[in-house]
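The values are calculated or read from the model by the stated rules, or taken from the named source; none is laboratory data. The shown structure was predicted, so the numbers you read here are calculated from the model rather than taken from an experiment. Ideal geometry is used to build each Cβ from the backbone, glycine not excepted, and the neighbour counts take in all protein chains shown. Ligands, DNA and RNA are stripped out before the accessible areas are found, and what is left, the full protein with its side chains, is counted by its heavy atoms. Shrake-Rupley method; radii C 1.70, N 1.55, O 1.52, S 1.80 Å.
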Amino acid sequence: MANLARKRILTVMGNQGILIAFVVFMVIFALASPKFLSLDNLQSVVRSSAILGVMALGVTFVVISGNLDLSVGSMMSFSTIVVLDLHDKLGPSLAIPTMYLMTLGLGGTIGFLVGYLRLNSLIVTLGMLSAIHGLTLTYSGGKNMDIDDKAGTWFSFFGQGEILGLPVPIILFVALAAFLGVLLAKTPFGRKVYAVGGNSTAASFSGIPRARTVFTCYLISAFCVATAGLIQASRSMGSQNTVGQGLELEVLAAVILGGASLLGGSGTVLKTVIGVLILGFIQNGLLLIGWPFYIQYVITWIIIILAVWLDISVKRGKFWATI
Amino acid sequence: MTQSTPALRLEGIVKEFPGVKALDNVSLSVMAGEVHALMGENGAGKSTLMKVLGGIYQPDAGTIYVAETPVVMSNPLDAKNKGIVFIHQELSLAEELSVAENVYLGELPRKSVGRVDWKTLYEKTDEILRRLKVSFNARTRVGDLSIANQQMVEIARALTVDAKAVIFDEPTASLTDAEKLVLFEVIDDLKSQGVGIVYISHRMEEIFKITDRVSVLRDGQYQDSVLTADTSEEAITRMMIGRNLDLSRAPVSHELGEVAIEVKDLSCGASFQNVSFKVRCGEVLGFYGLVGAGRTEIAETLFGLRQPSSGTILLDGKETVISSPAIAIREGISLVPEDRKTQGLVLGMNCRDNMTLPQIDDMKAGPFVSDGAEVALFDLYRDRLDIRTPGWRQTVGNLSGGNQQKIVIGKWLSMHPKVLIVDEPTRGIDVGSKSEIHKLIRELAASGYAVIVISSEMPEVLHVADRIVAMYSGEIIKTFTSDDVTEDNLIQAISGIKPK
């Protein structure tokens, strides 16, 4: 009986744990800092989380399909640098689609290697992390990119514009989340992603094209990265080559925090959004209560470890490992 | 040559599982210096008996004696230390380590401060290897050895203790003929050193070649022991079957339709060669043989998971190339695979999603999956197959084996295939579900499906199949009809003996 009760607790914590944690953090920070729950602050957290969030949406597909994508950080730097450079050469209306195509080319390469050649995604994307970084530096010659005529272009719209008082990055994040959420939860393609990630052999035995499904997930991830790069470039109108450095781990943290299993087959877009917001609110809350900025990295790590531990505890029905 | 004392003696061993008496008062003596064959059909209790001997299961009653001393084994290591050693069919070696490290794994000789005493390790190992007359030495990397030589390493491992009894479980399953001879020499050698040997195999020729005595288990009961020299294949076969086969009956004949699938001279590398057969609509064709006889590989080839090296497949009389499961599905072939947990189901998904998976692209309302259509399909097959689940949201991994298997069958029935292949349809599921699934297979045939049933259980093929293909190491030995099938014939055919 005690066993059963513990399993129940684990299940509830596993299913709703992330929401419980979210509420707990919000309450703690709200009590510690009166500014925390102000509308201004909430909006600024969401806006600053938008870039991370957009990237996490794509990585959610990759993780559910049973793979990893550690290249999104350096791929985002690539997109940002490329679109800034092309802006002055081709004008924004040509620069943006060209940048999207180039980024999708990178995603397609990874998708081909992981999907069709069945190479290990950790190796492929870890290699891509540095390969793309090299590409970016080669492209830019190592220099920072800037838009010359910052005032005379509508390019700033994606990062700084507003529609009906809502910042465009937030609108892009929400719209993309809604679209991808429906794609994952409601379409045959989404079901295939879960099947391939849950058991790729059984999926193959059911006639599901494993390789094409994985390939498409990496394309989706690249599309999201390109969008994040667009927001980043448009917001700052100039960039270093390393703007996305380290983001791959934050993105992965958000996805795992949301409850997607690294083994594949589980997770949702909504949960990832919650994971993104938790990360954002923790970083913001720590700043508001006056903790040193860099401590957020430590706290984030602790939270991720707790989330992973909880996830594995639910799966094995025990908190502790035996044998 | 045979010494008078038993190396291993079992007395009144009983092991019960809920609802099944897996071992019912089994007594057995293996003399020192004797090769003792243990035979029985699948499910006769051999593996349970081995697990009792290996300390994996504790017997409910009875005593095990090693060299006439009663012993209780709490785990496999304990069994080994008490003189009972297993040579398993599947090897369990660390390929990247040397032979010596594998032989003494976990018990490497030490010097001071925990350093490994390599000199002693290699010396002791080479000494054992000399006894086995092998061509490699203690420093060889195990991964560089052939399968047969790896088996020798397993045997060497057995010899690090003072083994009283060595148990070989289907040791020749993955060996070539030449490698078998080497193995038999080693067994002979062990025998001359006074070790009692238990030899488990389905292969009659081996039994007659190397064993001194044969004991037979049937339905968990010890039948008899006979001297190999005094018996015959027919007599052993009779002992193994012997029961009143109320299960077995000639399948009801009904109108057969057109030939749904015909296979001509199909070969696939080393898996199977020149296989030809036909299945008509309304017919159940059984494939019977030992594990590794090539049956599953044929099924996987028909389903597009493997590509044949030569031969043709005709569906409805038309030659068809099946290069992927998606094409097989489109051509009306469905496969209920051998292992439902790894091949048949996504265990973390719910019942409904598993069932609709192969046709998810056709379950659309606009661009979206139609919830209503999916639930309707699930409900239909839940009722038709009597799947017991609290609801479609239930995670498949939480269902019983029988219900899981019904989900897999439902998944493929709902595709309305012309040819339904079921590989080991009742492996690891309870008796009740078993007979339900048998009944279902008969009903499906009666309603016009062409069904191929692959099974390692003789009662099962006899019960459900109209004709039975007997396979042995990649070849069809004979196709039996209900007129000429007998259990003796079947057992002999799958042991590689061609009927006269």
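List of remarks:
- When only the Cβ of Lys, Arg, Asp and Glu is charged (+1, +1, -1, -1), the dipole of the protein assembly as shown relative to its Cα centre reaches about 1960 debye.
- Accessible area in square angstrom per residue, segment B:6-241, 1.4 angstrom probe: 43 Å²
- Summary of the geometry: segment A:53-118 and segment A:179-215, compared by the centres of their Cα atoms, lie 21 Å apart.
- Accessible area in the full protein assembly, largest first, 1.4 Å probe, for B:ARG384, A:ARG118, B:ARG280: A:ARG118, B:ARG384, B:ARG280
- Peptide A:180-191, shielding by other chains (average Cβ, 10 Å cutoff): 4
- Accessible surface of A:LYS318 - all protein chains present, 1.4 Å probe, nearest 10 Å²: 70 Å²
- Given a 1.4 Å probe and the protein chains as shown, B:HIS416 ends up with an accessible area of around 130 Å².
- Most to least accessible of B:ASP144, B:ASP78 (protein chains only, probe 1.4 Å): B:ASP144, B:ASP78
- Residues whose amide H falls under 5 Å from that of B:VAL369, counting only those 5 or more places apart or on a different chain, are A:THR187, with hydrogens built in the peptide plane.
- Note: the protein assembly as shown, Cα convex hull, 220 Å³ per residue.
- P(r) histogram, all alpha-carbon pairs of segment B:259-494 included - 5 Å bins from 0, percent: 1, 7, 15, 18, 20, 17, 12, 7, 3, 1, 0, 0
- Seen from all directions on average, segment B:6-241 presents a Cα convex hull projection of 13.4 nm².
- Span-rule helices in chain A, defined as complete DSSP H runs reaching 24 Å or more along the axis (Cα) with Kyte mean at least 1.0: A:2-32, A:39-64, A:92-111, A:121-140, A:168-186, A:269-288, A:295-316
- Sorting B:137-143, B:166-172 by average packing, meaning the other beta carbons within 10 Å per residue, from highest down gives B:166-172, B:137-143.
- Whether segment B:133-184 is rounded, prolate or oblate, judged on the alpha carbon gyration tensor where a/c under 1.5 counts as rounded: oblate
- 16 Å Cα-Cα reach of A:LYS192 towards lysines, excluding residues that sit fewer than 8 places from it in its own chain: B:LYS364, B:LYS411
- Apportionment of accessible area to carbon and sulfur, chain A, percent (1.4 Å): 69 percent
- Pairwise burial B:A, computed as accessible area of each alone minus the pair, summed, 1.4 Å, Å²: 1700 Å²
- B:PHE277 contributes about 20 Å² of solvent-accessible surface, heavy atoms of the protein only, 1.4 Å probe.
- At a threshold of 20 Å², the residues of segment B:297-321 that become less accessible to a 1.4 Å probe in the full protein assembly than in their chain on its own are B:LEU305.
- Across chain B, the relative contact order, built from alpha-carbon pairs under 8 Å that are at least six residues apart, equals 15 percent.
- Test item: A:194-204 mean partner chain Cβ contacts at 10 Å: 6
- With the simple spin-label model, which puts each label point 7 Å out from Cα in the Cβ direction, the B:SER482 to B:ASP189 separation comes to 5.4 nm.
- Largest to smallest accessible area among B:CYS281, A:CYS224 [probe 1.4 Å]: B:CYS281, A:CYS224
- Of the peptides B:486-493, B:112-119, B:354-361, the order by per-residue mean of other Cβ atoms within 10 Å, starting with the highest, comes out as B:354-361, B:486-493, B:112-119.
- The distance from the alpha carbon centre of segment B:104-118 to that of segment B:182-220 is 35 Å, rounded to a whole number.
- Counting, for every residue in B:331-343, the Cβ atoms of other protein chains within 10 Å of its Cβ and taking the mean gives 2.
- Globularity index of segment A:37-315, i.e. its alpha-carbon radius of gyration over 2.2 N^0.38 Å: 0.99
- Each 10 Å bin from zero up to the one holding the largest Cα-Cα distance in segment B:311-389 carries the following percent of pairs: 15, 37, 33, 14, 1.
- Mean separation of Cα contacts under 8 Å (6+ apart) over length of segment A:37-315, as relative contact order %: 36 percent
- For the pair segment B:466-491 and segment B:31-80, the centres of their Cα atoms are 33 angstrom apart.
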